[in-house]
Structure formats: C-alpha cells, structure tokens
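J.: Below you'll find the structure I mean.
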Amino acid sequence: AQKVTQAQTEISVVEKEDVTLDCVYETRDTTYYLFWYKQPPSGELVFLIRRNSFDEQNEISGRYSWNFQKSTSSFNFTITASQVVDSAVYFCALSDQNAGGTSYGKLTFGQGTILTVHP
Amino acid sequence: NAGVTQTPKFRVLKTGQSMTLLCAQDMNHEYMYWYRQDPGMGLRLIHYSVGEGTTAKGEVPDGYNVSRLKKQNFLLGLESAAPSQTSVYFCASSRRKREVVYEQYFGPGTRLTVT
C-alpha cells in the first residue's frame, strides 16, 4: 500500500525566513508521480508541482524549490524568504500505478503541514 | 472557463437524510474524483471515474454512491447520512493519457454537517 508522511504538523516562521516542508513516501511501484498542493485559508486546493519518478532533477520556481531524493524516498519543498501570503496548509501526494502500467491518477495524500508566516 | 464547480457549498443534514453533491467540469477531462477532507487526515479518495458511465471505489467508499452519466458531471450520493460523514468534500478532475499522471484540478469544496 502507498503511504505519504508529512511529519511536520505545524510550522511557524517569521516573514523572510526560509522554511522546508518534509515529505516522505512509500510505494512498491517503479513508476510514480509526486505532487504538492497548497490550501490557503480560503479552502481551495492549488496545484504547485508534479514530478515523475524518473526525473530526479531539483526544480525551482521563483521562491519555491523542490528536492526529490529517490534514495531516501523524499520530496521536500522549500520556500525561500517566506511571506505572509505563504500561510496555508501544504499537502504532498503520491499517484498510484496499476498493473500493466495504466494509472488512473488516484492520489494518496499526506496529512498536511500547516504553515504560518508571521509578519 | 469555470474549471471545476461543486453544488452546494454548504449543507446541514439530519442523520438518516439523503442528498446528492454535484460536480461539474468544463475542461473535457476523462478522470474525475471525489475526496473527503477531515482534520489531520489529509484528503482520502471516496470514488473515482475514468470515463462516462464508469465508476470505481476508492479508499473510503462505504456509505456513498456515485454516478457519471455525462462526461462533465460526477455525482456523489449519501443515501442515509451519518454523523461520521461530516466532512469537507472535494471533487477533482484530470486529463488522461496512458502511463502519464497529470495534476488534478479541484473544486471549491462542499462543507457537509450531519447532526
């Protein structure tokens, strides 16, 4: 069975600090996808990034960066110079891979990390 | 382009009552999903559909039924609501391509309270 663990339940930082959100996953599949979603106080879920298990390159998008380490089954998310608008719940998620290579995109989510950025 | 919409946004039910949640997407996506979100548990998949006329069970299907009569709509039904079904329900949709998993686009959620 697949599993995603976000061990940090809540993180509190002051604006302009860097913060890293941890994500550790378990899967028996050789091909899989990892995702990060943001859920601001308004409640909607916003897609941030998708990563294929064959692509271990780190990615940077503005103040956001992601570190994918297959050897440790981790897909960590770093926000540089955090801002109050980054306050949200962040979810890491893992897709399944059915036998035969077909995936229906079903996601297993972690419990989420509540990030609070104080001014 | 509205994306994924959900109706209603809020609902209060009494134990034993029934209701249907409607999800609609205008992105021509093949795949659609229903999740529930409970505090400290992330999102859990209830049911999903890989195309019009097909549905399948997810992780927590008990007490729910679904139908996908039209490609753009995915309905979630509660036949006899229980307090344990108090939750926030999210619908999502995604593109389909063999061996590729695309991101899911989520609706705004429905907050359901069962008393």
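J.: Residue-wise, which Karplus ³J(HN,Hα) couplings in Hz belong to segment B:19-25, taking 6.51 cos²θ - 1.76 cosθ + 1.60, θ = phi - 60°, and x for glycine or proline?
T.: Working through the residues one at a time gives 6, 10, 9, 10, 10, 9, 10 Hz.
J.: Also: Quick check on packing: order B:78-91, A:69-82 by the mean number of other C-beta atoms within 10 Å, highest mean leading.
T.: On the way: B:78-91: 17.6, A:69-82: 15.9.
Descending mean neighbour count gives B:78-91, A:69-82.
J.: Could you name the aspartates and glutamates in cross-link range of B:K57, using Cα to Cα under 17 Å and dropping any fewer than eight places away on the same chain?
T.: The qualifying aspartates and glutamates are A:D96, B:E30, B:E79.
J.: List the lysines whose Cα sits under 22 Å from the Cα of B:K9, skipping any in the same chain fewer than 8 residues away.
T.: A:K38, B:K70, B:K71
J.: For segment B:107-114, take each phi angle, set θ = phi - 60°, evaluate the Karplus expression 6.51 cos²θ - 1.76 cosθ + 1.60, and give the result in whole Hz per residue in order, putting x for glycine and proline.
T.: With coefficients 6.51, -1.76 and 1.60, one gets x, x, x, 10, 8, 10, 10, 10 Hz.
J.: With θ set to phi - 60° and the Karplus curve 6.51 cos²θ - 1.76 cosθ + 1.60, what are the ³J(HN,Hα) couplings of segment B:90-98 in order, to the nearest whole Hz, using x for Gly and Pro?
T.: 3J(HN,Hα) across segment B:90-98, in whole Hz: 10, 9, 9, 9, 8, 6, 10, 7, 3.
J.: Isolated Cys in the protein assembly as shown by the 4.7 Å beta carbon test?
T.: none
J.: Still on this structure, I have one more. Rounded, prolate or oblate: which fits the protein assembly as shown, taking a ≥ b ≥ c as square roots of the Cα gyration tensor eigenvalues, rounded meaning a/c under 1.5, else prolate when a/b beats b/c? Don't jump to the answer; show the numbers that get you there.
T.: Values: a/c = 1.88, a/b = 1.32, b/c = 1.42.
Judged from the Cα gyration tensor, the protein assembly as shown comes out oblate (a/c at least 1.5, b/c at or above a/b).
J.: Still on this model: Compute the distance in nm between two label points, each set 7 Å from the Cα along the Cα-to-Cβ direction, one at B:R98 and one at A:N52.
T.: 1.6
J.: Let me ask something additional. Using only the Cα atoms of chain A, what are the Rg and Dmax in Å?
T.: Rg, Dmax (Cα atoms, Å): 14.3, 50.
No value in this document is a laboratory result; all are computed from the given coordinates. Fair warning: this is a prediction, and the values are worked out from it, not measured in the lab. Glycine gets a Cβ as well: all are built from the backbone with ideal geometry, and neighbour counts include every protein chain shown.
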